[in-house]
Amino acid sequence: MTVERDVLEVTPQIEALASLCKSNSAIDAKLYKEFDVKRGLRDINGKGVLAGLTNISDIISAREVDGKLIPCEGELYYRGININDLVSGFMKDGRKGYEETAYLLLFGELPDARRLADFKSLLARGRTLPTNFTRDVIMKAPTHDMMNSLSRSVLTLASYDNRADDISLPNVLRQCLMLISVFPMLAVYSYHAYNHYECGGSMYIHYPSDSLSTASNFLRILRPDMQYTPLEASVLDLALVLHMEHGGGNNSSFTTHVVTSSGTDTYSTVAAALGSLKGPKHGGANYKVVQMFNDLKQNVSDPTDDEQVADYLCKLLRREAFDHKGLIYGMGHAVYSISDPRAQVFKSFVGKLAHEKGRDADFALYSSVARLAPQVIAQERRIYKGVSANVDFYSGFVYSMLGLPPELYTPVFAMARIVGWSAHRLEELINTDKIIRPAYRCVLPETDYVALSER
């Protein structure tokens, strides 16, 4: 007989235990300085601690002048190629760039026409889920949390792979290519299951087309009528390229290196990276930007008035508006100070899409906040570096114009970053056989054990 149990809930007892945990686990902030511990693996200037080497991508935010590091316009390189040149290269030819860029990151060089065609064909063959997987896995447990659904699907796919634990390079590459191919399907089908079973919407399970790009296929299987404009597909493709990779030190890519170093399988590694990306400090930031702008428009009578907008931004920083976290979402970055090159590339195309969608006023408001926020932050906060709009500042706006449901904003990021994670997993397997194990110093003195009867 099956015994049903109530789900454990937060009770006064658990709240008291949480308080006990907090009081006995808190560490004096002064100790971090005393022992020169880099909190968040970053120094006082925000520069990351050097934890590894990579060939995959590079980020430049400062240059050395007369022995001093001087902030500069941000630069991003994929396998040594400037992101601006890469984007210009495929866009001037009227091509989608996702597949070409994926090849570059995975294999370290740009493909010629034949190799690119072969690679696209390889990805197309991989756009197939196991028989009844959509019904038995995705539809059986619908949830509003698409990232958790993605993680569950990825881990379940291991059950269909009779070489799941084989970490030889060819097998890991096979697994990575399969996951790159099916991520759009896992994300969209999870959304449609949630929208149908939890929200009462219609169910659409469209199959991808072998002749379409990743971006085009995503829009095709998401929309009921499978229709989209060329500009919509091009802007989504650009978003995927810009989110595909960002150095080995970003949280989810570092997670990929750490978990890979333990010798575990590809499915477990990707699930761990998904868990990292899900966080609002990482991949979940773009939806926060959209919510913030909705709140701004509700609370500012004239969004074209710089003074009113600046006053709202001040309230954000003073924890008097929106979510009271003291943040202007989409502004600032852990690495860049003067500019985020991804945001710079994105902005002009965002303007074109806004015009096509009749949202020029919204784009003007975004541009105003991008201009005013650095000034307001400089006035309100003592900061060690400048701030600028990051790529998340615009990506949420783009996704809203594309009609993407908010539940899919972070999964779209994952669709792009799975390529970077795959490249980093392969690089870790190729270059090291040591498990990543940094040191932590215990700052609690020794104490005697007390018998239960004496406590």
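Go through (1) in contact (Cβ under 8 Å) with a residue 40 or more places away in the chain; (2) within 19 Å of Pro411 (Cβ to Cβ) one by one and return the number of the condition Gln175 breaks.
The single condition Gln175 does not satisfy is (2).
Which of the residues belonging to the stretch 13-32 are of a type in the set (Gly, Ala, Ser), part of a helix (DSSP H, G or I), under 32 Å from the mean Cα position of the chain (by Cα) and under 15 Å from Leu444 (Cβ atoms)?
Passing the criteria: only Ser25.
Can you pull out every residue in the stretch 408-455 that is within 30 Å of Ala215 (Cα to Cα) and among the polar types (S, T, N, Q)?
Of everything in the stretch 408-455, those that are within 30 Å of Ala215 (Cα to Cα) and among the polar types (S, T, N, Q) turn out to be Thr410, Ser422.
Does the stretch 159-173 hold any residues that are crowded, with 16+ Cβ neighbours inside 10 Å and in a helix (DSSP H, G or I), and which are they?
Asn171, Val172, Leu173
Conditions: (1) on the phi > 0 side of the Ramachandran plot; (2) in contact (Cβ under 8 Å) with a residue 40 or more places away in the chain. Arg42 meets all but one. Number of the miss?
Evaluating Arg42 over (1) on the phi > 0 side of the Ramachandran plot; (2) in contact (Cβ under 8 Å) with a residue 40 or more places away in the chain leaves (1) as the failure.
Inspect the stretch 309-330 for any residue being β-branched (Val, Ile, Thr), modelled with pLDDT of 95 or more and touching a Ser or Thr at 6+ places or on another chain (Cβ under 6 Å) and give the result as yes or no.
The answer is yes; a qualifying residue exists.
Looking at the stretch 123-140, can you tell me whether even one residue there is part of a helix (DSSP H, G or I), hydrophobic (A, V, I, L, M, F, W, C) and farther than 30 Å from Glu198 by Cα?
For the stretch 123-140, residues part of a helix (DSSP H, G or I), hydrophobic (A, V, I, L, M, F, W, C) and farther than 30 Å from Glu198 by Cα: present.
Out of Ala16, Ala51, I need the residue that is touching a Gly at 6+ places or on another chain (Cβ under 9 Å) and surrounded by fewer than 15 Cβ atoms within 10 Å (Cβ to Cβ). Which one?
None of the other options fit; the residue is Ala51.
The values are calculated or read from the model by the stated rules, or taken from the named source; none is laboratory data. It should be emphasised that the depicted structure is a prediction, and the values quoted were computed from it without experimental measurement. Here the Cβ is made from the backbone with ideal geometry for all residues, glycine too, and neighbour counts use every protein chain on show.
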